[in-house]
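Below: one structure, written as structure tokens.
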Amino acid sequence: MSNNHNPVIKTLNLTKVYDTGFRGEQVSALKNLNLEVYPSEIFGYLGPNGSGKTTTIKLLLGLIFPTSGSIEIMGTKDIYSAYVKKNIGYLPEGSYYPDFLKGEEILRFYGQLYGLTGKELGKRIDEVLELVGMTHARRRLLKGYSKGMRQRIGLAQALISDPQILILDEPTTGLDPIARKEIRDILSHLRDKGKTLLISSHELLEVEMISNRVGILYEGILRVAGTLDELLTSKDRIIEFANAKNGVVQEIENKGGEVVDQVKDRVYLKVKNDEELYKVIELCKNLGLQLIKITPRRETLEELFVNVIDLAKKERSL
Amino acid sequence: MQNLLDTVKGPWFIAVYTWREGLRRKTLVGFLVLSLLVIFGATFMTSFINQATVGDVTTDMDLKLIKDICVTTISIFGILITIFISASVVPTEIENRVIYTVLSKPVRRFQYLFGKFLGVQLIIIMNLCLMGGLFFIALYIKQQILPTLLLWSVFLTYFEFLIVSALTFAIACASSSSVLPTIAGLFIYITGSLTEYLKDVYNRSGQSGEWFDTLIGYIAYILWNILPNLQRFSLKTQIINSQPNDPPTDVLIPQLVIYGLIYAVCGYILAYWIFRKREV
Ligand SMILES: Nc1ncnc2c1ncn2[C@@H]1O[C@H](COP(=O)(O)OP(=O)(O)O)[C@@H](O)[C@H]1O
Ligand SMILES: [Mg+2]
């Protein structure tokens, strides 16, 4: 959708090798990553635990340094500059905030680091607290906050300078379903206001609900990336038949049909292309089944994810 | 000018934050309360006891003892607090990951470190003011003379602490826990207080003509030159033996201040050099 814009975040063959232990053991956490995130989109950065998501994010923020490759943010390679830092809001994974401060004091501290002061800062604090729905708890110590409230304050902290880019590392992990939904709503709202969001997650369903584009990372390699429409196209169709008697499923399967479900007298078959479709209809007609409907079926992100990772595992074992 | 102001503003906010956070630490507050209790006990309680038993003005001997106790308390508890806080501010922040959110703001690493270092100094100065202040008041009440010598002593003690603090801080910037830098800080303080002996070793070496004797002499000489000589900052004997309002004699205060600052700057540069490329 936004391929005609220049990417806001772009990495070129970004590679990170961690040195661990005393024997010079190395962990190759990220391999030749070429990632592009475009303006005003939510990019879902997916991968199982240990696949290198946090590593990528820390590299983008200059908390760790690349082994090779380069990073460009908002058109500049100087990612440590105040210009870039002012335009990035960052929510670390499972982060800790100083317990001894009140909600608004934390925001004041972080706002000051952006050079905000006085009335301007006060106004920003009011705005972000309102945005994340924490105005009621602003004068309470963080010590008494629930996990969801902490995450909201974390989000508010990331938003305090009104940045163009938001980088969120697993923003909803560990939250209850209602808190998740609320955070998700805030994130879509921000996207609608024109912000660019990079969200790492292993919660596929959630990402599918709000992302424009996704990338799947596995063992430090970006396996696929694209819009959900591009990635989740599938010619699969489900055909529903009525009038199924006992033993008919066995008969269909013997003749090469793929039954995905059976409810009472209904059977559901999956076909991959037109040729299969006509064959299955012919077969079922001969078995005395009644055709009810044919529906196209889009692959879920979860299926894509599993397929991508299975493929990667197969490739590795070759 | 505006640029300069912007460069120090960030560190200042970090310093204030570090200071506030430091005051939350139980170890620090514990040390501080203990030291104040000791000073309070030594000065005020003894006078009650004296009045109760002897019913006389405090004798010279008692006063010397009280001064000795108080000066020693200030330097021991002071240095413990100094080492503890210098060794822990950076490792703690890495451990609890607050550093991620701070370094991702428009704050350069040297600004971050400078803020942390400044915050540590605020804590050390506050401690010295509280401990020295209590002792000052106690002495004044007892002797009815303003103990200005004590002020000089506290002033110089700060520069002694500054040296230990800067070197400990540098080591802490390379560590992921505060245990190692705390031990290193104690080591620096202890050897720094014994450097006079290194000079003795050097003076006595080379007499036997053996090569290792000469070598030990050289090592002692080099260490004597490199290590800070913390003894120079102590006015303890003067405080104990002189009148409270005597000026400090035999010490070159400006030289000592510069001496302390040079070590502090070296320590800070070392800290930055270590921290510059550190992965957090
Ligand atoms: N500081 C580190 N030192 C050594 N290895 C690390 C370090 N941080 C992460 N790793 C390793 O790098 C890989 C990727 O980790 P990470 O980026 O945290 O994954 P994710 O965020 O996707 O769960 C893992 O194998 C992890 O063990
Ligand atoms: Mg992670």
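Miscellaneous remarks
- Working note: Cα gyration tensor of the stretch A:237-296, eigenvalues times five, square-rooted, sorted largest first, giving semi-axes of 16, 12, 10 Å.
- Per residue accessible area in Å² of chain B, where ligands, DNA and RNA are left out and the probe is 1.4 Å: 50
- Area accessible to solvent at residue B:208, 1.4 Å probe radius, in Å²: 80
- Pairwise FRET efficiency - residue A:178 versus residue B:72, Cβ, R0 = 56 Å, nearest 0.05: 0.40
- Solvent exposure, largest accessible area first (probe 1.4 Å, DNA, RNA and ligands not counted), of B:218, B:158: B:218, B:158
- Between B:205, B:177, B:75, the residue with the greatest mean-square fluctuation in the GNM of chain B (Cα pairs under 10 Å linked by springs) is B:205.
- Total buried accessible area between A and B, probe 1.4 Å, nearest 100: 2600 Å².
- Computed with every protein chain present, the accessible area of residue B:193 is close to 30 Å² [probe 1.4 Å].
- Label-zone membership for the stretch B:106-138, site residue B:2, 7 angstrom Cα→C-beta point, backbone N under 11 Å: none
- Efficiency of FRET from Cβ geometry, residue A:68 and residue A:234, R₀ 41 Å, rounded to 0.05: 0.65
- Between residue B:126 and residue B:146, the contour length at 0.36 nm per residue exceeds the Cα-Cα span by 5.1 nm.
- Relative to its Kirkwood radius, the Cα radius of gyration of the protein assembly as shown gives an Rg/Rh of 1.16.
- Think of it as helices only: each DSSP H run of n ≥ 4 in the protein assembly as shown is worth -39500 (n - 2.57), and spread over all residues that comes to -18000 deg cm²/dmol at 222 nm.
- Modelled this way, with points 7 Å down the Cα-to-C-beta line, the labels at residue A:260 and residue A:135 are 4.6 nm from one another.
- Label sites at residue A:147 and residue B:225, each approximated as a point 7 angstrom past Cα along Cα to Cβ, lie 6.0 nm apart.
- Within a Gaussian network of chain A (alpha carbon springs, distance under 10 Å), most fluctuating of A:187, A:63, A:232: A:63
- Gaussian network model of chain A, Cα within-10 Å springs - most flexible of A:93, A:72, A:282: A:282
- Within the protein assembly as shown: Cβ-based charge dipole about Cα centre, in debye rounded to nearest 20 (Lys, Arg +1; Asp, Glu -1): 720
- Along the axis of the charge dipole computed for the stretch A:19-118 (Cβ charges of +1 for Lys and Arg, -1 for Asp and Glu, origin at the Cα centre), the listed residues A:34, A:22, A:62 are led at the positive end by A:22.
- Drop in accessible area of at least 30 Å² in the complex versus isolated chain, residues of the stretch B:250-280, 1.4 Å probe: B:277, B:279, B:280
- Only protein atoms count toward the accessible area here, which uses a 1.4 Å probe; on the protein assembly as shown, the carbon and sulfur part of that area reaches 59 percent.
- Positive-end extreme of charge dipole, the stretch B:2-277 - chosen from B:175, B:13, B:123 (charges on Cβ): B:13
- The charge dipole of the stretch B:142-259, taken about the Cα centre with unit charges on the Cβ atoms of Lys, Arg (+1) and Asp, Glu (-1), comes to about 260 debye, rounded to the nearest 20.
- Drop in accessible area of at least 20 Å² in the complex versus isolated chain, residues of the stretch A:64-102, 1.4 Å probe: A:64, A:65, A:80, A:85, A:90, A:92, A:93, A:96, A:98, A:100, A:101
- Solvent-accessible area per residue, Å², over chain A with all protein chains present [probe radius 1.4 Å]: 48
- Residues whose placed amide H lies under 5 Å from that of residue A:42, excluding near-sequence neighbours: A:197, A:212, A:213
- Taking 0.36 nm per residue of sequence separation and removing the Cα-Cα distance, the residue A:292/residue A:245 pair yields an extension gain of 15.4 nm.
- Annotation: extensible slack from residue B:196 through residue B:34 equals 55.3 nm (criterion: 0.36 nm per residue apart, minus Cα-Cα distance).
- Projected label distance in nm at residue A:117 and residue B:240, using a 7 Å step from Cα toward the beta-carbon: 4.9
- In the protein assembly as shown, taking the dipole from charged Cβ atoms about the Cα centre, the farthest positive-side position among A:136, A:309, B:156 is held by A:136.
- Taking the Cα centre of chain B as origin and assigning +1 to Lys and Arg Cβ atoms and -1 to Asp and Glu Cβ atoms, the resulting dipole is close to 1160 debye.
- FRET efficiency, residue B:180 to residue B:110 (Cβ-Cβ, R0 30 Å, nearest 0.05): 0.80
The values are calculated or read from the model by the stated rules, or taken from the named source; none is laboratory data. As the structure is a prediction and not an experimental result, all values here were calculated from the model. Note: ideal-geometry Cβ built from the backbone for every residue, glycine included; neighbour counts use all protein chains shown. What goes into the accessible areas is simple: the full protein's heavy atoms, side chains included, and nothing from ligands, DNA or RNA. Shrake-Rupley method; radii C 1.70, N 1.55, O 1.52, S 1.80 Å.
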